[in-house]
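Below is one structure, written out as structure tokens; comments come after it.
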Amino acid sequence: MASDIENYRLQLIRQFERENSEAEQAIAENREKQQRAKEAIARCMVEPPAPDSCPECWYMHGKVSPLKTTDSDDEGVDVFRCSVCWFLDRRPG
Ligand SMILES: [Zn+2]
């Protein structure tokens, strides 16, 4: 039968191994989050690669989606919509 001190030591090892595992997971998640933020910052520094592509799809996800003309009820306003995320761009016509 293990002594109380030995049981305490083994308990501490399990506890610190669990804490270490949780910290490693948090570090990995934060590295992914940092990488996504860095990539988004780089995209926000330049215009979307294709003319009339959706800024939401490009800046947020790095995807090139065309904005397409859609019907507008407002006189003198042209409306463009992304068919992927439904971003709406209203422009003076
Ligand atoms: Zn979009």
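The values are calculated or read from the model by the stated rules, or taken from the named source; none is laboratory data. These numbers were taken from a predicted model, which means no experiment stands behind them. Backbone-built Cβ (ideal geometry, glycine too); neighbour counts: all protein chains shown.
Odds and ends about this structure:
- Candidate set from region 77-93 (those that are more than 23 Å from residue 37 (Cα to Cα) and part of a loop (DSSP other than H, G, I, E, B)); member that is nearest to the chain's Cα centre (by Cα): 83
- Across region 44-55, a minimum of one residue is classified as of a type in the set (D, E, K, R), at pLDDT below 95 and under 31 Å from the mean Cα position of the chain (by Cα).
- For residue 10, the criteria (1) in contact with a Pro (Cβ under 8 Å, 6 or more places away or on another chain); (2) in a helix (DSSP H, G or I); (3) aliphatic (A, V, I, L, M) hold in every case but one, which is (1).
- Selection within region 49-59 - assigned to a loop (DSSP other than H, G, I, E, B) and within 10 Å of the ligand (Cβ to nearest atom): 54
- Any hit, region 27-48, residues being exposed (fewer than 10 other Cβ atoms within 10 Å of the Cβ) and either in contact (Cβ under 8 Å) with a residue 60 or more places away in the chain or assigned to a loop (DSSP other than H, G, I, E, B) (or both): yes
- Some residue of region 60-76 being part of a helix (DSSP H, G or I), within 28 Å of residue 93 (Cα to Cα) and out of contact with any Pro (no Cβ under 8 Å at 6 or more places or on another chain): yes
- Test: residue 78 is charged (D, E, K, R) and either at positive phi or loosely packed, with under 10 Cβ neighbours inside 10 Å (or both): no
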